[in-house]
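Remarks on the structure that follows.
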Amino acid sequence: MTPAPFSLTSVVLASGNVGKLREFDALLAPLGIRLIAQGKLNILDAPEPYPTFLENALAKARHASLLSGLPALADDSGLCVAALNAEPGIHSARYAEAEHGSRSDAANNQKLLRVLQGQSNRRAWYVAVLVLVTRHDDPQPLIAQANWFGEIVDQPQGSHGFGYDPYFYLPEQGCTVAQLDPTLKNKISHRGQALQQLLGQLATQGLVAPAALGP
């Protein structure tokens, strides 16, 4: 069967997170895909009531596509810490919200360090689950997921990235995520790995030109 012609040119990002928008835009722009933040279309965040990254990502993608009439890309990601039974997990962005009344990276990190006091096991991993729907009732959404392993340190290091990045240390790199060059982060991060999987699926379906993906 001849693949469909390349047609994925505008995609709504189902997120208001500026850091995620910046990372995804850097990865998708070279492929000729224009990423539109849902806020630019006056689309509010979708509820995230589900217990898994996958279910929440799917709900967000469907919500953005329904209200925009465009294909939508959603990311549900978070930090899982071994000593905390994989928490904060799906609650990563709002980990300290109940205590502070609003979402804050600083408050989330302070809470994480507080609950980890006295713990010798600092193993942790970032999780990213991506869902892309070509329409809100897409019967076969594209799904990709990846983990990125590291450990939590007590002192912040680096000025790049966002969220828990200054405290997420990568032994194989000898630095925290916040100390990585953004270009390298986009290649090896949980989101970068998941996006490469997703782009491979798009190329198979003829929605992204295979040559644009590189070797």
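Just the residues that are among the hydrophobic types (A, V, I, L, M, F, W, C) and closer than 17 Å to Trp148 by Cα, please, taken from segment 56-83. Outline the logic, then answer.
Taking segment 56-83 first, the residues among the hydrophobic types (A, V, I, L, M, F, W, C) are 57-59, 61, 64, 66-67, 70, 72-74, 79-83.
Once the filter is applied, which keeps residues that are among the hydrophobic types (A, V, I, L, M, F, W, C) and closer than 17 Å to Trp148 by Cα, segment 56-83 yields Leu79, Cys80, Val81, Ala82, Ala83.
Yes or no, residue by residue, for (1) under 20 Å from Pro51 (Cα atoms); (2) among the aliphatic types (A, V, I, L, M); (3) assigned to a loop (DSSP other than H, G, I, E, B); (4) without any contact (Cβ under 8 Å) to a residue 24 or more places away in the chain:
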site	(1), (2), (3), (4)
Gly78	yes, no, no, no
Asn121	no, no, yes, no
Ala124	yes, yes, no, no
His160	no, no, yes, no
Where Gly161 falls short, out of the listed (1) at positive phi; (2) more than 18 Å from the chain's Cα centre (by Cα) = (2)
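Quick test for you: out of Leu202, Leu195, pick the one residue that is among the hydrophobic types (A, V, I, L, M, F, W, C), within 18 Å of Val18 (Cβ to Cβ) and in contact (Cβ under 8 Å) with a residue 60 or more places away in the chain.
Working: Leu202 fails: within 18 Å of Val18 (Cβ to Cβ).
So the residue among Leu202, Leu195 that is among the hydrophobic types (A, V, I, L, M, F, W, C), within 18 Å of Val18 (Cβ to Cβ) and in contact (Cβ under 8 Å) with a residue 60 or more places away in the chain is Leu195.
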query = Just checking, which of Asp75, Asp154 is of a type in the set (D, E, K, R) and surrounded by fewer than 15 Cβ atoms within 10 Å (Cβ to Cβ)?
reply = Asp154
message = Criterion first (touching a strand residue (DSSP E or B) at 6+ places or on another chain (Cβ under 6 Å), surrounded by fewer than 17 Cβ atoms within 10 Å (Cβ to Cβ) and either over 20 Å from Ala144 (Cα atoms) or at pLDDT below 90 (or both)) does Ala98 satisfy it?
response = no
key: segment 80-105, residues that are in a helix (DSSP H, G or I), under 30 Å from Ile36 (Cα atoms) and not small (Gly, Ala, Ser)   = Ile90, His91, Arg94, Glu97, Asp105
message = Among the residues in segment 46-68, are any modelled with pLDDT under 95, surrounded by fewer than 20 Cβ atoms within 10 Å (Cβ to Cβ), more than 16 Å from the chain's Cα centre (by Cα) and not in a strand (DSSP E or B)?
response = yes
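The values are calculated or read from the model by the stated rules, or taken from the named source; none is laboratory data. Quantities reported herein were computed from a predicted structural model and do not represent experimental measurements. Backbone-built Cβ (ideal geometry, glycine too); neighbour counts: all protein chains shown.
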